[in-house]
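K.L.:
To start, I am sharing the structure in question, which I have written as C-alpha coordinates.
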Amino acid sequence: MTSSARTSPSHPRKLADVGAWDLETDVAIVGFGGAGGCAAIEAADAGAEVMVFELASASGGSTALSSAEIYMGGNGGTRVQKACGFEDSTEDMFQYMMASAGPQADAAKIRNYCEQSTAHFQWLVDLGVPFKDSFHAERAIMALTDDCLLFTGSEKAWPFSQLAKPCPRGHNLYVEGDNGGPLFMQIVTDNINRRERISVHYESRALTLIIDGDGTVVGLVVRENQRELNVRARRGVILCAGGFCMNEEMVRKHAPMLTRGTQPIGNPGDTGSGILMGNAVGGATINMHEGFVSLPFYPPASMTHGIAITDKGQRFINEDSYHGRLGAFALQQPSERLYMVLNVEDYADYETASYLGAPVAATGDTVAELEQELGLRKGSLSHTITLYNEDCAAGEDTLFHKAAEWLKPLQPPLVALDLTPGRGVFVPYFTLGGLDTLPTGEVVNEQRETIPGLYAAGRTACGIVRRAEGYSSGMSVGDATFSGRLAGRQAAARI
(Lines give C-alpha, C1' and ligand atoms only; values in the text may rest on other atoms or scores of the structure.)
Protein backbone atom coordinates (compact mmCIF):
# COMPACT_ATOMS: atom_id res chain seq x y z
CA MET A 1 0.00 0.00 0.00
CA THR A 2 1.35 3.44 -0.84
CA SER A 3 2.32 5.83 1.94
CA SER A 4 -0.21 8.41 3.06
CA ALA A 5 0.71 11.55 4.96
CA ARG A 6 -2.76 11.44 6.55
CA THR A 7 -2.12 8.21 8.46
CA SER A 8 -1.62 9.11 12.12
CA PRO A 9 -1.99 7.43 15.54
CA SER A 10 -5.11 9.49 16.30
CA HIS A 11 -6.99 8.25 13.23
CA PRO A 12 -7.53 4.48 13.23
CA ARG A 13 -8.02 2.78 9.87
CA LYS A 14 -11.40 1.16 9.23
CA LEU A 15 -11.43 -2.49 8.22
CA ALA A 16 -13.68 -1.57 5.31
CA ASP A 17 -10.83 0.58 3.94
CA VAL A 18 -8.34 -2.30 4.01
CA GLY A 19 -8.15 -3.76 0.52
CA ALA A 20 -5.79 -6.60 1.46
CA TRP A 21 -3.64 -7.82 4.33
CA ASP A 22 0.09 -7.48 3.71
CA LEU A 23 1.04 -9.46 6.81
CA GLU A 24 -0.90 -11.76 9.15
CA THR A 25 -0.16 -13.05 12.64
CA ASP A 26 -1.94 -14.02 15.84
CA VAL A 27 -0.45 -11.31 18.04
CA ALA A 28 1.15 -8.07 16.85
CA ILE A 29 3.39 -6.24 19.33
CA VAL A 30 4.46 -2.60 18.98
CA GLY A 31 7.86 -2.02 20.54
CA PHE A 32 10.77 -4.30 21.42
CA GLY A 33 11.89 -3.13 24.84
CA GLY A 34 11.45 -4.98 28.12
CA ALA A 35 7.65 -5.00 27.93
CA GLY A 36 7.40 -5.97 24.27
CA GLY A 37 10.09 -8.61 24.54
CA CYS A 38 8.51 -10.33 27.54
CA ALA A 39 5.05 -10.08 25.92
CA ALA A 40 6.37 -11.80 22.81
CA ILE A 41 7.97 -14.64 24.76
CA GLU A 42 4.83 -15.33 26.80
CA ALA A 43 2.51 -15.15 23.78
CA ALA A 44 4.70 -17.50 21.75
CA ASP A 45 5.10 -19.94 24.62
CA ALA A 46 1.29 -19.99 24.90
CA GLY A 47 1.11 -21.16 21.30
CA ALA A 48 0.55 -17.91 19.40
CA GLU A 49 2.29 -16.71 16.27
CA VAL A 50 3.87 -13.34 17.10
CA MET A 51 5.19 -10.39 15.11
CA VAL A 52 7.11 -7.62 16.86
CA PHE A 53 7.40 -4.22 15.18
CA GLU A 54 10.27 -2.03 16.37
CA LEU A 55 11.00 1.40 14.92
CA ALA A 56 14.72 1.23 15.76
CA SER A 57 17.25 -0.99 14.00
CA ALA A 58 17.76 -3.13 17.12
CA SER A 59 15.93 -4.23 20.23
CA GLY A 60 16.31 -2.41 23.52
CA GLY A 61 13.93 0.46 24.12
CA SER A 62 14.25 2.35 27.38
CA THR A 63 14.97 -0.88 29.26
CA ALA A 64 18.34 -1.14 27.52
CA LEU A 65 19.14 2.42 28.64
CA SER A 66 18.36 1.63 32.28
CA SER A 67 20.37 -0.18 34.94
CA ALA A 68 17.65 -2.88 34.76
CA GLU A 69 17.14 -3.08 38.48
CA ILE A 70 13.99 -5.12 39.03
CA TYR A 71 11.79 -4.63 42.10
CA MET A 72 10.81 -8.06 43.41
CA GLY A 73 10.01 -9.74 46.70
CA GLY A 74 7.19 -10.97 48.93
CA ASN A 75 6.15 -14.60 49.40
CA GLY A 76 8.92 -15.12 51.91
CA GLY A 77 11.50 -13.65 49.56
CA THR A 78 13.27 -14.37 46.30
CA ARG A 79 16.21 -16.76 46.22
CA VAL A 80 18.55 -13.77 46.56
CA GLN A 81 16.68 -12.21 49.47
CA LYS A 82 16.69 -15.48 51.37
CA ALA A 83 20.38 -16.09 50.65
CA CYS A 84 21.17 -12.63 52.01
CA GLY A 85 19.21 -13.25 55.19
CA PHE A 86 16.00 -11.34 54.41
CA GLU A 87 12.51 -12.75 54.77
CA ASP A 88 10.03 -10.65 52.82
CA SER A 89 6.30 -10.59 53.43
CA THR A 90 3.85 -10.21 50.55
CA GLU A 91 1.68 -8.05 52.78
CA ASP A 92 4.59 -5.76 53.68
CA MET A 93 5.47 -5.40 50.01
CA PHE A 94 1.82 -4.71 49.15
CA GLN A 95 1.41 -2.09 51.88
CA TYR A 96 4.65 -0.36 50.87
CA MET A 97 3.70 -0.23 47.21
CA MET A 98 0.16 0.93 47.97
CA ALA A 99 1.51 3.78 50.08
CA SER A 100 4.05 4.56 47.37
CA ALA A 101 1.39 4.90 44.69
CA GLY A 102 -0.75 7.12 46.90
CA PRO A 103 -4.43 7.84 46.33
CA GLN A 104 -4.23 6.80 42.68
CA ALA A 105 -2.98 3.30 43.53
CA ASP A 106 -4.46 0.36 41.62
CA ALA A 107 -4.86 -2.20 44.39
CA ALA A 108 -5.67 -5.08 42.04
CA LYS A 109 -2.53 -4.54 39.94
CA ILE A 110 -0.31 -4.08 42.97
CA ARG A 111 -1.73 -7.13 44.73
CA ASN A 112 -1.20 -9.27 41.64
CA TYR A 113 2.35 -7.94 41.19
CA CYS A 114 3.27 -8.69 44.79
CA GLU A 115 1.69 -12.15 44.87
CA GLN A 116 3.39 -13.18 41.61
CA SER A 117 6.72 -11.45 42.24
CA THR A 118 8.84 -14.43 43.28
CA ALA A 119 7.40 -16.45 40.38
CA HIS A 120 8.39 -13.57 38.09
CA PHE A 121 11.91 -13.72 39.53
CA GLN A 122 12.08 -17.43 38.69
CA TRP A 123 10.71 -16.81 35.19
CA LEU A 124 13.53 -14.33 34.58
CA VAL A 125 16.10 -16.76 35.97
CA ASP A 126 14.76 -19.44 33.64
CA LEU A 127 15.31 -17.06 30.71
CA GLY A 128 18.94 -16.84 31.76
CA VAL A 129 18.91 -13.52 33.62
CA PRO A 130 21.74 -13.79 36.21
CA PHE A 131 21.38 -12.63 39.81
CA LYS A 132 24.17 -12.96 42.37
CA ASP A 133 23.26 -13.96 45.92
CA SER A 134 24.83 -10.89 47.51
CA PHE A 135 23.68 -7.75 49.32
CA HIS A 136 24.92 -4.20 48.63
CA ALA A 137 24.55 -2.55 52.02
CA GLU A 138 25.66 0.98 51.10
CA ARG A 139 23.01 3.57 50.26
CA ALA A 140 23.20 3.95 46.50
CA ILE A 141 21.08 4.60 43.42
CA MET A 142 22.44 1.42 41.88
CA ALA A 143 25.08 -1.15 42.74
CA LEU A 144 28.14 -0.39 40.63
CA THR A 145 29.65 -3.62 41.92
CA ASP A 146 28.31 -6.96 40.71
CA ASP A 147 26.19 -7.28 43.86
CA CYS A 148 22.48 -7.91 43.38
CA LEU A 149 20.26 -6.90 46.26
CA LEU A 150 19.88 -3.40 47.71
CA PHE A 151 17.38 -0.96 49.13
CA THR A 152 16.28 1.11 46.14
CA GLY A 153 13.48 3.26 47.53
CA SER A 154 12.21 4.82 50.77
CA GLU A 155 11.54 1.48 52.50
CA LYS A 156 13.59 2.49 55.55
CA ALA A 157 12.41 6.12 55.55
CA TRP A 158 9.40 7.73 57.22
CA PRO A 159 6.46 7.39 56.66
CA PHE A 160 6.91 4.10 54.80
CA SER A 161 8.95 2.46 57.54
CA GLN A 162 5.96 2.92 59.86
CA LEU A 163 3.56 1.24 57.44
CA ALA A 164 5.49 -1.87 56.43
CA LYS A 165 8.57 -3.76 57.57
CA PRO A 166 11.49 -2.55 55.42
CA CYS A 167 13.08 -5.09 53.11
CA PRO A 168 15.47 -4.63 50.16
CA ARG A 169 13.76 -5.55 46.87
CA GLY A 170 15.97 -4.01 44.19
CA HIS A 171 17.58 -6.81 42.16
CA ASN A 172 20.55 -5.84 40.01
CA LEU A 173 21.83 -8.19 37.34
CA TYR A 174 25.08 -10.05 37.97
CA VAL A 175 27.26 -7.56 36.10
CA GLU A 176 29.66 -4.84 37.20
CA GLY A 177 28.85 -1.19 36.63
CA ASP A 178 25.74 0.36 35.14
CA ASN A 179 25.43 -2.32 32.47
CA GLY A 180 22.32 -4.22 33.50
CA GLY A 181 20.02 -2.83 30.82
CA PRO A 182 22.04 -3.91 27.77
CA LEU A 183 22.67 -7.35 29.30
CA PHE A 184 19.00 -7.83 30.15
CA MET A 185 17.82 -6.93 26.66
CA GLN A 186 20.46 -9.12 25.05
CA ILE A 187 19.16 -12.10 27.05
CA VAL A 188 15.54 -11.31 26.10
CA THR A 189 16.54 -10.86 22.45
CA ASP A 190 18.42 -14.16 22.40
CA ASN A 191 15.34 -15.88 23.82
CA ILE A 192 13.15 -14.37 21.12
CA ASN A 193 15.55 -15.32 18.35
CA ARG A 194 15.35 -18.94 19.49
CA ARG A 195 11.55 -19.05 19.19
CA GLU A 196 10.26 -20.00 15.75
CA ARG A 197 6.83 -18.52 16.42
CA ILE A 198 8.26 -14.99 16.77
CA SER A 199 9.37 -12.78 13.89
CA VAL A 200 10.80 -9.32 14.44
CA HIS A 201 10.46 -6.40 12.04
CA TYR A 202 13.07 -3.72 12.72
CA GLU A 203 12.94 -0.20 11.28
CA SER A 204 9.18 -0.65 11.22
CA ARG A 205 7.09 2.21 12.55
CA ALA A 206 3.58 1.53 13.83
CA LEU A 207 1.29 4.22 12.46
CA THR A 208 -2.23 3.43 13.65
CA LEU A 209 -4.62 0.66 14.62
CA ILE A 210 -7.18 -1.05 12.38
CA ILE A 211 -10.71 -1.55 13.75
CA ASP A 212 -13.80 -3.28 12.44
CA GLY A 213 -17.34 -1.90 12.48
CA ASP A 214 -17.85 -2.95 16.10
CA GLY A 215 -14.72 -1.17 17.33
CA THR A 216 -12.72 -4.37 17.77
CA VAL A 217 -9.00 -3.98 17.08
CA VAL A 218 -8.18 -6.36 14.23
CA GLY A 219 -4.79 -5.13 13.12
CA LEU A 220 -2.16 -2.50 12.75
CA VAL A 221 -0.74 -0.21 10.07
CA VAL A 222 3.06 -0.09 9.94
CA ARG A 223 5.51 1.66 7.66
CA GLU A 224 8.46 -0.33 6.35
CA ASN A 225 10.77 0.70 3.52
CA GLN A 226 8.60 3.77 2.84
CA ARG A 227 5.51 1.60 2.34
CA GLU A 228 2.43 1.29 4.50
CA LEU A 229 1.55 -2.30 5.34
CA ASN A 230 -1.72 -3.60 6.78
CA VAL A 231 -1.01 -6.19 9.47
CA ARG A 232 -3.80 -8.52 10.52
CA ALA A 233 -3.67 -9.53 14.20
CA ARG A 234 -6.06 -12.42 14.66
CA ARG A 235 -5.94 -12.40 18.46
CA GLY A 236 -4.85 -8.89 19.29
CA VAL A 237 -2.40 -5.99 19.27
CA ILE A 238 -0.19 -5.25 22.28
CA LEU A 239 1.07 -1.67 22.58
CA CYS A 240 4.51 -1.57 24.26
CA ALA A 241 5.69 1.68 22.68
CA GLY A 242 6.90 3.46 25.81
CA GLY A 243 5.74 6.67 27.43
CA PHE A 244 5.67 10.24 26.13
CA CYS A 245 8.63 11.98 27.76
CA MET A 246 10.18 12.72 24.33
CA ASN A 247 7.03 14.49 23.15
CA GLU A 248 7.42 18.05 24.44
CA GLU A 249 3.92 19.04 23.39
CA MET A 250 2.32 16.14 25.26
CA VAL A 251 4.47 16.79 28.35
CA ARG A 252 3.46 20.46 28.42
CA LYS A 253 -0.18 19.52 27.94
CA HIS A 254 -0.48 16.65 30.37
CA ALA A 255 2.43 16.85 32.84
CA PRO A 256 3.59 20.47 32.99
CA MET A 257 5.41 19.78 36.28
CA LEU A 258 7.96 17.79 34.28
CA THR A 259 8.91 20.80 32.14
CA ARG A 260 11.14 21.86 35.04
CA GLY A 261 13.19 18.72 34.53
CA THR A 262 16.47 18.97 32.66
CA GLN A 263 16.77 15.57 30.99
CA PRO A 264 14.05 13.23 29.71
CA ILE A 265 15.00 9.64 30.46
CA GLY A 266 13.95 7.34 27.66
CA ASN A 267 14.57 6.40 24.06
CA PRO A 268 13.72 8.47 20.97
CA GLY A 269 10.57 6.40 20.46
CA ASP A 270 8.98 7.58 23.71
CA THR A 271 6.74 10.00 21.81
CA GLY A 272 3.39 8.81 23.14
CA SER A 273 2.35 7.23 19.84
CA GLY A 274 1.14 4.04 21.52
CA ILE A 275 -0.97 6.02 23.96
CA LEU A 276 -2.45 8.07 21.12
CA MET A 277 -3.27 4.92 19.14
CA GLY A 278 -5.07 3.37 22.08
CA ASN A 279 -6.87 6.60 22.90
CA ALA A 280 -8.09 6.90 19.31
CA VAL A 281 -10.03 3.62 19.54
CA GLY A 282 -11.65 4.46 22.86
CA GLY A 283 -8.94 3.53 25.35
CA ALA A 284 -8.99 5.72 28.45
CA THR A 285 -5.84 7.46 29.69
CA ILE A 286 -5.15 7.97 33.38
CA ASN A 287 -2.48 9.52 35.61
CA MET A 288 -1.18 11.57 32.68
CA HIS A 289 -0.18 14.44 34.97
CA GLU A 290 2.30 12.31 36.90
CA GLY A 291 5.93 11.51 36.23
CA PHE A 292 9.14 10.39 37.82
CA VAL A 293 11.41 13.30 38.64
CA SER A 294 14.63 13.11 40.61
CA LEU A 295 17.37 15.03 42.37
CA PRO A 296 19.99 12.24 42.58
CA PHE A 297 21.83 13.67 45.59
CA TYR A 298 23.49 10.40 46.55
CA PRO A 299 26.04 8.89 46.13
CA PRO A 300 28.03 9.62 48.17
CA ALA A 301 25.82 8.25 50.93
CA SER A 302 27.28 10.83 53.33
CA MET A 303 25.15 13.48 51.61
CA THR A 304 22.20 12.03 53.53
CA HIS A 305 23.61 13.66 56.69
CA GLY A 306 22.81 17.08 55.20
CA ILE A 307 19.53 18.99 55.23
CA ALA A 308 17.49 20.20 52.26
CA ILE A 309 16.13 23.71 52.77
CA THR A 310 14.09 26.38 50.99
CA ASP A 311 15.08 30.02 50.58
CA LYS A 312 13.19 30.62 53.84
CA GLY A 313 15.87 28.59 55.60
CA GLN A 314 13.42 25.79 56.38
CA ARG A 315 13.62 22.03 55.85
CA PHE A 316 10.87 20.36 53.81
CA ILE A 317 11.65 16.62 53.82
CA ASN A 318 13.43 13.81 55.64
CA GLU A 319 16.65 13.55 53.70
CA ASP A 320 16.94 9.77 53.98
CA SER A 321 14.12 9.54 51.44
CA TYR A 322 14.66 8.18 47.94
CA HIS A 323 16.07 10.74 45.49
CA GLY A 324 12.85 10.70 43.44
CA ARG A 325 10.86 11.67 46.53
CA LEU A 326 13.22 14.60 47.11
CA GLY A 327 12.79 15.63 43.47
CA ALA A 328 9.02 15.55 43.70
CA PHE A 329 8.94 17.49 46.96
CA ALA A 330 11.42 20.02 45.57
CA LEU A 331 9.10 20.87 42.69
CA GLN A 332 6.24 21.44 45.12
CA GLN A 333 8.02 24.09 47.20
CA PRO A 334 6.87 27.75 46.91
CA SER A 335 10.49 28.78 46.83
CA GLU A 336 12.79 30.45 44.32
CA ARG A 337 15.86 28.64 45.62
CA LEU A 338 16.51 25.26 47.18
CA TYR A 339 19.72 24.23 48.89
CA MET A 340 21.37 21.27 50.56
CA VAL A 341 23.44 22.25 53.58
CA LEU A 342 26.02 19.83 54.92
CA ASN A 343 29.27 19.50 56.76
CA VAL A 344 32.31 19.92 54.55
CA GLU A 345 33.51 16.46 55.63
CA ASP A 346 30.26 14.93 54.35
CA TYR A 347 30.73 16.72 51.02
CA ALA A 348 33.42 14.05 50.72
CA ASP A 349 33.87 12.79 47.14
CA TYR A 350 30.67 14.47 45.92
CA GLU A 351 32.40 16.05 42.93
CA THR A 352 33.51 12.70 41.52
CA ALA A 353 30.85 10.31 42.85
CA SER A 354 27.59 12.21 42.42
CA TYR A 355 25.26 12.50 39.43
CA LEU A 356 23.62 15.60 40.87
CA GLY A 357 25.73 18.33 39.30
CA ALA A 358 24.53 20.90 41.83
CA PRO A 359 26.95 23.85 42.03
CA VAL A 360 28.27 25.14 45.33
CA ALA A 361 26.09 28.09 46.30
CA ALA A 362 27.99 29.17 49.40
CA THR A 363 30.39 28.13 52.14
CA GLY A 364 30.68 29.39 55.67
CA ASP A 365 32.99 29.09 58.63
CA THR A 366 29.95 29.98 60.73
CA VAL A 367 26.24 29.42 60.28
CA ALA A 368 25.72 33.18 60.18
CA GLU A 369 28.26 33.51 57.38
CA LEU A 370 26.58 30.79 55.32
CA GLU A 371 23.21 32.38 55.96
CA GLN A 372 24.48 35.72 54.73
CA GLU A 373 26.13 34.29 51.62
CA LEU A 374 22.87 32.54 50.68
CA GLY A 375 20.91 35.74 51.15
CA LEU A 376 18.60 34.20 53.75
CA ARG A 377 16.74 36.15 56.36
CA LYS A 378 18.99 36.67 59.36
CA GLY A 379 18.47 33.95 61.95
CA SER A 380 16.34 31.69 59.74
CA LEU A 381 18.97 29.09 58.96
CA SER A 382 20.48 29.43 62.42
CA HIS A 383 17.11 28.54 63.93
CA THR A 384 16.70 25.52 61.63
CA ILE A 385 20.18 24.20 62.35
CA THR A 386 19.81 24.75 66.11
CA LEU A 387 16.63 22.67 66.17
CA TYR A 388 18.17 20.03 63.92
CA ASN A 389 21.29 19.71 66.04
CA GLU A 390 19.20 19.38 69.20
CA ASP A 391 17.31 16.52 67.55
CA CYS A 392 20.57 14.92 66.45
CA ALA A 393 21.83 15.01 70.03
CA ALA A 394 18.58 13.42 71.23
CA GLY A 395 18.58 10.84 68.42
CA GLU A 396 15.14 11.77 67.11
CA ASP A 397 14.20 14.04 64.19
CA THR A 398 11.04 15.52 65.70
CA LEU A 399 10.13 17.57 62.63
CA PHE A 400 10.69 15.27 59.63
CA HIS A 401 11.55 11.89 61.15
CA LYS A 402 14.84 11.20 59.43
CA ALA A 403 16.13 7.85 60.67
CA ALA A 404 18.53 8.05 63.62
CA GLU A 405 21.38 6.47 61.64
CA TRP A 406 21.51 9.58 59.44
CA LEU A 407 21.27 12.19 62.20
CA LYS A 408 24.57 14.02 62.51
CA PRO A 409 24.97 17.58 63.88
CA LEU A 410 25.82 20.29 61.38
CA GLN A 411 29.08 21.87 62.56
CA PRO A 412 30.96 24.55 60.57
CA PRO A 413 32.65 24.71 58.20
CA LEU A 414 29.52 24.16 56.12
CA VAL A 415 28.79 24.04 52.41
CA ALA A 416 25.51 24.67 50.59
CA LEU A 417 24.69 23.18 47.19
CA ASP A 418 22.14 24.81 44.88
CA LEU A 419 19.34 22.27 44.35
CA THR A 420 17.17 24.66 42.35
CA PRO A 421 15.96 23.13 39.06
CA GLY A 422 17.26 25.21 36.17
CA ARG A 423 20.44 26.29 37.94
CA GLY A 424 22.79 23.50 36.93
CA VAL A 425 21.38 20.63 38.95
CA PHE A 426 20.57 17.38 37.11
CA VAL A 427 16.79 16.74 37.15
CA PRO A 428 15.98 13.60 35.11
CA TYR A 429 12.36 12.71 34.42
CA PHE A 430 9.98 10.40 32.58
CA THR A 431 6.22 10.02 32.38
CA LEU A 432 4.01 7.68 34.43
CA GLY A 433 0.63 8.14 32.77
CA GLY A 434 -0.81 5.99 30.02
CA LEU A 435 -3.64 3.79 28.88
CA ASP A 436 -5.90 2.38 31.57
CA THR A 437 -5.67 -1.41 31.66
CA LEU A 438 -6.89 -4.33 33.70
CA PRO A 439 -4.22 -6.42 35.48
CA THR A 440 -4.43 -8.73 32.44
CA GLY A 441 -3.19 -5.96 30.15
CA GLU A 442 -6.55 -5.44 28.44
CA VAL A 443 -7.12 -1.79 27.56
CA VAL A 444 -10.37 -0.32 28.88
CA ASN A 445 -12.50 2.71 28.04
CA GLU A 446 -13.76 5.40 30.43
CA GLN A 447 -16.44 2.99 31.70
CA ARG A 448 -13.70 0.37 32.24
CA GLU A 449 -15.12 -1.83 29.51
CA THR A 450 -12.46 -3.67 27.52
CA ILE A 451 -11.52 -2.64 23.99
CA PRO A 452 -11.65 -6.04 22.24
CA GLY A 453 -8.33 -7.04 20.73
CA LEU A 454 -6.27 -4.29 22.39
CA TYR A 455 -3.64 -4.68 25.12
CA ALA A 456 -0.92 -2.44 26.53
CA ALA A 457 2.09 -2.85 28.81
CA GLY A 458 5.13 -0.99 30.07
CA ARG A 459 5.01 2.78 30.08
CA THR A 460 2.33 2.84 27.34
CA ALA A 461 -0.02 1.60 30.05
CA CYS A 462 -0.49 3.11 33.48
CA GLY A 463 0.89 0.35 35.66
CA ILE A 464 1.77 -0.12 39.31
CA VAL A 465 3.94 3.01 39.46
CA ARG A 466 1.90 6.18 39.88
CA ARG A 467 4.05 9.03 41.23
CA ALA A 468 7.59 10.14 42.01
CA GLU A 469 6.88 10.60 45.72
CA GLY A 470 6.75 6.84 46.19
CA TYR A 471 8.97 5.58 43.40
CA SER A 472 11.64 2.96 44.01
CA SER A 473 14.32 2.09 41.48
CA GLY A 474 13.41 -1.15 39.75
CA MET A 475 9.67 -0.57 39.73
CA SER A 476 9.61 0.47 36.06
CA VAL A 477 11.54 -2.50 34.68
CA GLY A 478 9.67 -4.76 37.11
CA ASP A 479 6.34 -3.37 35.93
CA ALA A 480 7.29 -3.42 32.24
CA THR A 481 8.49 -7.02 32.22
CA PHE A 482 5.64 -8.31 34.38
CA SER A 483 2.86 -6.41 32.61
CA GLY A 484 4.30 -7.44 29.24
CA ARG A 485 4.10 -11.08 30.26
CA LEU A 486 0.48 -10.77 31.39
CA ALA A 487 -0.57 -8.96 28.21
CA GLY A 488 1.19 -11.54 26.03
CA ARG A 489 -0.49 -14.39 27.84
CA GLN A 490 -3.93 -12.77 27.68
CA ALA A 491 -3.70 -11.90 23.97
CA ALA A 492 -2.54 -15.40 23.07
CA ALA A 493 -5.56 -16.89 24.84
CA ARG A 494 -8.09 -14.77 22.93
CA ILE A 495 -10.07 -16.66 20.32
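The values are calculated or read from the model by the stated rules, or taken from the named source; none is laboratory data. Computed from a predicted structure; not experimentally measured. Positions of Cβ are backbone-derived with ideal geometry, glycine not excepted, and every protein chain shown enters the neighbour counts. Accessible surface areas use protein heavy atoms only, side chains included; no ligands, DNA or RNA. Shrake-Rupley method; radii C 1.70, N 1.55, O 1.52, S 1.80 Å.
K.L.:
Restricting to the stretch 62-86, what's the tally of residues that are open to solvent by 40 Å² or more (accessible area, probe 1.4 Å) and not small (Gly, Ala, Ser)?
P.N.:
Result for the stretch 62-86: 5.
K.L.:
Can you tell me which of (1) closer than 16 Å to residue 73 by Cβ; (2) part of a loop (DSSP other than H, G, I, E, B) is the one residue 121 doesn't meet?
P.N.:
Against the list (1) closer than 16 Å to residue 73 by Cβ; (2) part of a loop (DSSP other than H, G, I, E, B), residue 121 comes up short only on (2).
K.L.:
Within the stretch 139-166, how many residues are outside any loop (DSSP other than H, G, I, E, B) and either at positive phi or open to solvent by less than 30 Å² (accessible area, probe 1.4 Å) (or both)?
P.N.:
Qualifying residue count, the stretch 139-166: 3.
K.L.:
Within the stretch 456-495, how many residues are in contact with a Lys or Arg (Cβ under 9 Å, 6 or more places away or on another chain) and of a type in the set (Ser, Thr, Tyr)?
P.N.:
Qualifying residue count, the stretch 456-495: 4.
K.L.:
Taking residue 372 and the conditions (1) farther than 23 Å from residue 408 by Cβ; (2) of a type outside the set (A, V, I, L, M, F, W, C); (3) over 22 Å from the mean Cα position of the chain (by Cα); (4) assigned to a loop (DSSP other than H, G, I, E, B), which numbered condition does it fall short on, given that it satisfies the others?
P.N.:
All conditions are met except number (4).
K.L.:
Here is a follow-up. Take residue 143 and decide whether it is out of contact with any strand residue (DSSP E or B) (no Cβ under 6 Å at 6 or more places or on another chain), of a type outside the set (Val, Ile, Thr) and at pLDDT below 95.
P.N.:
In short, no.
K.L.:
Would you mind listing the strands (runs of 3 or more DSSP E) fully within the stretch 201-309 where at least 1 residues are open to solvent by 10 Å² or more (accessible area, probe 1.4 Å), at pLDDT 95 or above and of a type in the set (A, V, I, L, M)?
P.N.:
Hits in the stretch 201-309: 205-211, 217-224, 227-239.
K.L.:
Do you know which residues across the stretch 226-270 are free of Cβ contacts under 8 Å to residues at least 40 places away in the same chain and polar (S, T, N, Q)?
P.N.:
Hits for the stretch 226-270 are 247, 259.
K.L.:
A further question follows. If you scan the stretch 124-138, which residues turn out to be open to solvent by less than 40 Å² (accessible area, probe 1.4 Å) and over 19 Å from residue 64 (Cα atoms)?
P.N.:
Matches in the stretch 124-138: 134, 136.
K.L.:
Right, another one. Just give me the residues in the stretch 394-452 being open to solvent by less than 20 Å² (accessible area, probe 1.4 Å), acidic (Asp, Glu) and under 21 Å from residue 105 (Cβ atoms), in sequence order.
P.N.:
436
K.L.:
Shifting gears a bit: Of everything in the stretch 437-488, what is more than 21 Å from residue 94 (Cβ to Cβ) and among the acidic types (Asp, Glu)? Give them in sequence order.
P.N.:
Within the stretch 437-488, 442, 446, 449 qualify.
K.L.:
Considering only helices (runs of 4 or more DSSP H) fully contained in the stretch 317-367, which possess at least 2 residues that are farther than 19 Å from residue 300 by Cβ, of a type in the set (A, V, I, L, M) and open to solvent by less than 10 Å² (accessible area, probe 1.4 Å)?
P.N.:
323-331
K.L.:
Further question on the same structure: Go through 89, 59 for me and flag whichever is out of contact with any Lys or Arg (no Cβ under 7 Å at 6 or more places or on another chain) and open to solvent by 10 Å² or more (accessible area, probe 1.4 Å).
P.N.:
59
K.L.:
With the stretch 1-112 as the region, which helices (runs of 4 or more DSSP H) entirely inside it contain at least 2 residues that are under 21 Å from residue 168 (Cβ atoms) and of a type in the set (Phe, Trp, Tyr)?
P.N.:
The qualifying helices (runs of 4 or more DSSP H) are 90-101.
K.L.:
Identify the residue in the stretch 1-56 that is acidic (Asp, Glu) and open to solvent by 30 Å² or more (accessible area, probe 1.4 Å) and, among all such residues, is nearest to residue 228 (Cα to Cα).
P.N.:
22
K.L.:
Restricting attention to the stretch 181-193, does a residue exist that is in a loop (DSSP other than H, G, I, E, B), on the phi < 0 side of the Ramachandran plot and either open to solvent by 60 Å² or more (accessible area, probe 1.4 Å) or among the hydrophobic types (A, V, I, L, M, F, W, C) (or both)?
P.N.:
There is no residue in the stretch 181-193 that is in a loop (DSSP other than H, G, I, E, B), on the phi < 0 side of the Ramachandran plot and either open to solvent by 60 Å² or more (accessible area, probe 1.4 Å) or among the hydrophobic types (A, V, I, L, M, F, W, C) (or both).
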